[in-house]
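Everything on this sheet refers to the single structure shown next.
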Amino acid sequence: MNCMTSTLCLKSTDFTLLKGQRREDGFLPEGHELLLSAALPEDWQRHETAAVTLRAEADHQVEVRLEFCAAVQEEPLLSLHYRILTGCGVQIPFPIDKRALAADMAFLPPWPGVFKGGINGRPIQPGEVRFVRLSLREPSLRFVSLSSLAFTDGWQPQDVAGQPRVDALGQRAEGSWPGKTADLAELDACLKKELEWASTHNHYPEGWSRCGGWLQKRFDQTGWFHTVHDGRRWWLVDPDGYAFFSNGMCYGNRTGIYGMADHLSSLHQWLPPKEGLFARAWTTGDQIPQYVVRNGLENAKARELVNFPRANMMRVFSENWLDAWITINTARMRSWGINTLGVGVNDYGDEPTAEFLRKAQMPYVITFKFFPLTEERIFRDFPDVFSPEYERLTAEMARRELRAYRDDPLLIGYFVTNEPEWLMSENVNLAERLLAAEGCRASKQAFASHLQKQYGTADALNAAWATAFSSFEDLLAPLHLENRTEAARKDLEVFHNLLVERYGRVISDALRAEDPHHLNLGMRYSHASEKTLCGPLNYFDVFSFNCYGAEPATAAAQMGRGANLPMVVGEWHIGAAESGLDSWGIYYTDTQARRAEALQYYLEQSTQEPHLTGIHYFEYGDQPYLGRFDGECYQIGLIDVCNRPYPLAAETFRAFAERMYPLLDGQEQPTAHPVPLKNLWQTVN
């Protein structure tokens, strides 16, 4: 592979080997890591992309990091990372534009053969870094052939050439494992037998209400979901007044997960035609709101994705595939004790959401697809919250997105947003980022007024902050505080909290005015921490956060010490490494048997923390082998790409459902023991 057309291009010979061995045809890692370094060429920051062209040999996906350092042996100031397909020559286009170098994005866009990526570190200034390091990590890494690192503009995705990796059913083509479907004939027989079973088994466990609540415990009947504390613990309450624990399934209504397809045709044994019956097995990125938000509308329109689970159902049930899907999967979920359709109900533009909800008659939650993002933002997806634009956009969003749901008693409530990216960088102070921003005048003016009210004069502010402002108007221009006094640090922290408070209050007030009946389930933070407790908690009915790991009770108890609110875990999962995919979730075990034990422990422990009123498993189906819209490709589902359950995982959920409410009420005690889990990031780091 030749170095692409570019003003600046580093070949493999330009790199110094820091860890590993050099061979004439490439590099051998040391242990599980290869580390190379090179001096950055002049004017590298004038370009938009740093494209690495290489081939890695390993058993599973390899993590590739591009690290920007002030000195070769120092920790990187900023690091960009992807995971890549092995055994194929791939081009990895790391963005180095203004947003990326300012760490103003949490996720990197996926590309052919390049899986989910992100950014770690802090913003870097011109001239601050002098070296770039290239790191490849994976326990099974054997060999790396590096062609070039090119600093370029206008990068376009290239076809990935190689032998087929995905079979005609969407499974990994190579290898065998328990549960792998041999061919279409086996799939046909299994799914038709499952449909026959589902037609007579669509019900919750005995003793559960029509909504999945508990008939043995009753509170006020309001006709809507609400919360109550019984003196011992928090509960959700279903519309008929029965105690309710939201044992949810994220994307439970989704009819298959779309996977990346453009520039990857050589890696598929078969792709469904794009017309006729199979037309609904294809989509483009603009139908996926999260793809649009992260990567832009024009980029989204050009990305083609294919839905193998749908195509498989179409091949078995023809035009009746959707009815069969809904019948089979609602019966499964009810029999497994799943009583809530979790996040993702309203995410995808081509999903038959209304039909699914009408036929399923299951409680559900929604997430607002397009959080009101002002044109100018303080940091990542944090808006200019004091601007009239923010108030207008929140009111418009409330009217638009609640219209179809606000009169439905099966709607538990809504997540205001999904995993805010501004909070994924723990050390960022929003007030400090506001001062550095070029726009966001309304919030800057609010900060200046706040400080003027506190200090009275610019001289008093200068004395406290060790600055030389001529007036408070100086705060409206972009400002980088080099050395912060203790007073400045405290003032920045106070206004950070005021920004977050307004962020939640404005939108929560707009939603409550539009819909007084349903629960505000909070921001669905990506994790629980003390920082998530600042701001708008008083405006939430339920505090929501994702909680990956062995159990959720510890994190919920930590949050409960700072906020006595009912809580819902918006995401959790545990995968297994033996079932055909090359990536197995954030936390995983080696086998499906150990996975089942770990699932049981997590489920049982969720009933032991009095603030927890629900946990939502992420997600119902395995992700595609070649990556979903953002490149995730985890074996975490309760069903595989052929719409067949993982029996041990499914049985674990079913058995837990029989004891769930007695465990919650203290009538029974947990019996499962903790299971050691492996962490995706610790495995490679």
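The values are calculated or read from the model by the stated rules, or taken from the named source; none is laboratory data. None of these values were measured; they are calculated from a predicted model. Please note: Cβ atoms are built from the backbone with ideal geometry, for glycine as well, and neighbour counts cover all protein chains shown. Surface accessibility is based on the protein's heavy atoms, side chains included, excluding ligands, DNA and RNA. Shrake-Rupley method; radii C 1.70, N 1.55, O 1.52, S 1.80 Å.
Screening V90, V52 for residues that are out of contact with any Gly (no Cβ under 9 Å at 6 or more places or on another chain), among the β-branched types (V, I, T) and crowded, with 20+ Cβ neighbours inside 10 Å leaves exactly one candidate, V52.
Scanning segment 85-117 for residues that are under 30 Å from A436 (Cα atoms), in a strand (DSSP E or B) and touching a residue at least 40 places away in the same chain (Cβ under 8 Å) yields a count of 6.
Assess whether G170 counts as being assigned to a loop (DSSP other than H, G, I, E, B), farther than 21 Å from K11 by Cβ, in contact (Cβ under 8 Å) with a residue 24 or more places away in the chain and of a type in the set (G, A, S). Let's see the steps before the verdict.
Values: assigned to a loop (DSSP other than H, G, I, E, B): yes; farther than 21 Å from K11 by Cβ: yes; in contact (Cβ under 8 Å) with a residue 24 or more places away in the chain: yes; of a type in the set (G, A, S): yes.
The answer is yes for G170.
When segment 466-514 is filtered for residues that are closer than 17 Å to F371 by Cβ and among the aliphatic types (A, V, I, L, M), the ones remaining, listed by number, are L499, V500, V506, I507, A510, L511.
From the residues in segment 375-391 that are farther than 20 Å from G522 by Cα and charged (D, E, K, R), which one is least open to solvent (accessible area, probe 1.4 Å)? In this case the residue turns out to be E389. L149 meets each of the listed conditions (1) of a type outside the set (D, E); (2) outside any loop (DSSP other than H, G, I, E, B); (3) over 18 Å from C69 (Cα atoms) apart from (3). Of all residues in segment 636-685, those satisfying the criterion of being under 28 Å from the mean Cα position of the chain (by Cα) and among the charged types (D, E, K, R) are D640, R644, E651, R654, K678.
If you scan segment 646-685, which residues turn out to be within 24 Å of W197 (Cβ to Cβ), surrounded by 21 or more Cβ atoms within 10 Å (Cβ to Cβ) and not hydrophobic (A, V, I, L, M, F, W, C)?
As a first pass, look at segment 646-685 and keep what is within 24 Å of W197 (Cβ to Cβ): 646-660.
Filter once more, so that each one left must be surrounded by 21 or more Cβ atoms within 10 Å (Cβ to Cβ): 646, 649, 652-653, 656-657, 660.
Once the filter is applied, which keeps residues that are within 24 Å of W197 (Cβ to Cβ), surrounded by 21 or more Cβ atoms within 10 Å (Cβ to Cβ) and not hydrophobic (A, V, I, L, M, F, W, C), segment 646-685 yields Y646, T652.
I'd like the residue in segment 358-374 that is under 18 Å from P289 (Cβ atoms) and either at pLDDT 95 or above or of a type in the set (V, I, T) (or both) and, out of all such residues, is surrounded by the most Cβ atoms within 10 Å (Cβ to Cβ). Even if it seems obvious, please write down each step before you answer.
Applying the first criterion (under 18 Å from P289 (Cβ atoms)) to segment 358-374 yields 364-374.
From the residues that got through so far, the ones that are either at pLDDT 95 or above or of a type in the set (V, I, T) (or both) too are 364-367, 374.
Numbers: Y364: 27, V365: 31, I366: 24, T367: 24, T374: 21.
The extreme case among them is V365.
Could you tell me how many of the residues in segment 7-23 are part of a helix (DSSP H, G or I) and closer than 17 Å to F143 by Cα? Before you say what the answer is, go through the steps one by one.
Step one: filter segment 7-23 for residues part of a helix (DSSP H, G or I), giving 12-14.
From the residues that got through so far, the ones that are closer than 17 Å to F143 by Cα too are 12-13.
The total comes to 2.
Based on this model, can you work out whether T589 counts as open to solvent by less than 10 Å² (accessible area, probe 1.4 Å) and polar (S, T, N, Q)?
Working: open to solvent by less than 10 Å² (accessible area, probe 1.4 Å): yes; polar (S, T, N, Q): yes.
It is true that T589 is open to solvent by less than 10 Å² (accessible area, probe 1.4 Å) and polar (S, T, N, Q).
Listed here are the residues, each with its yes/no results for (1) at pLDDT below 95; (2) on the phi > 0 side of the Ramachandran plot; (3) aromatic (F, W, Y).
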residue: G154; (1), (2), (3): yes, yes, no
residue: P157; (1), (2), (3): yes, no, no
residue: L169; (1), (2), (3): no, no, no
residue: R172; (1), (2), (3): no, no, no
residue: A189; (1), (2), (3): no, no, no
residue: K193; (1), (2), (3): no, no, no
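Residue pairs whose Cβ atoms lie under 8 Å apart, sitting 6 or more positions apart in sequence or on different chains, and linking a residue in segment 182-195 that is open to solvent by 70 Å² or more (accessible area, probe 1.4 Å) to a partner that is part of a helix (DSSP H, G or I), are K192/V316. Of all residues in segment 257-280, those that are closer than 14 Å to M313 by Cα have Cβ atoms under 9 Å from Cβ atoms of residues that are modelled with pLDDT of 95 or more and acidic (D, E), 6 or more apart or on another chain, in I257/E619; I257/D622; L277/E319.
Note on segment 107-122: residues that are over 18 Å from V62 (Cβ atoms), modelled with pLDDT under 90 and open to solvent by less than 40 Å² (accessible area, probe 1.4 Å) amount to 1.
Taken over segment 211-250, the criterion of being open to solvent by 10 Å² or more (accessible area, probe 1.4 Å) and either among the basic types (K, R) or assigned to a loop (DSSP other than H, G, I, E, B) (or both) is satisfied by K217, R218, F219, D220, Q221, T222, G223, W224, D230, G231, R232, D240. Of the residues in segment 313-328, at least one is open to solvent by 10 Å² or more (accessible area, probe 1.4 Å), closer than 30 Å to D408 by Cα and among the charged types (D, E, K, R).
For segment 334-357, filtered to residues that are in contact with a strand residue (DSSP E or B) (Cβ under 6 Å, 6 or more places away or on another chain) and over 22 Å from G285 (Cβ atoms), the residue that is surrounded by the fewest Cβ atoms within 10 Å (Cβ to Cβ) is G337. Annotation note: Cβ proximity below 8 Å between a residue of segment 585-596 that is of a type in the set (K, R) and a residue that is in a strand (DSSP E or B) and surrounded by 22 or more Cβ atoms within 10 Å (Cβ to Cβ) (sequence gap 6+ or interchain) occurs for R594/A576; R595/G575; R595/A576; R595/Y588; R595/T589. Can you find a residue in segment 293-311 that is in contact with a Leu (Cβ under 7 Å, 6 or more places away or on another chain) and modelled with pLDDT under 95? No; the residues of segment 293-311 include none that is in contact with a Leu (Cβ under 7 Å, 6 or more places away or on another chain) and modelled with pLDDT under 95. Screening the candidates L599, L581, L533 for the property of being touching a helix residue (DSSP H, G or I) at 6+ places or on another chain (Cβ under 8 Å) and crowded, with 22+ Cβ neighbours inside 10 Å yields one hit, L599.
Out of G549, G504, G560, report the one residue that is on the phi > 0 side of the Ramachandran plot, open to solvent by less than 30 Å² (accessible area, probe 1.4 Å) and either in contact (Cβ under 8 Å) with a residue 24 or more places away in the chain or among the small types (G, A, S) (or both).
G549
State which residue pairs qualify: first residue touching a residue at least 12 places away in the same chain (Cβ under 8 Å) and within 13 Å of E376 (Cβ to Cβ) and inside segment 430-449, second residue of a type in the set (S, T, N, Q) and open to solvent by 20 Å² or more (accessible area, probe 1.4 Å) in any location, beta carbons under 8 Å apart, and separation of 6 or more residues or different chains. Qualifying pairs under 8 Å: none. When the residues of segment 408-424 are filtered to those that are open to solvent by 20 Å² or more (accessible area, probe 1.4 Å) and at pLDDT below 95, the one that is nearest to L521 (Cα to Cα) is N418.
Of all residues in segment 518-530, one or more are open to solvent by 20 Å² or more (accessible area, probe 1.4 Å) and either out of contact with any Phe, Trp or Tyr (no Cβ under 9 Å at 6 or more places or on another chain) or not in a loop (DSSP other than H, G, I, E, B) (or both).
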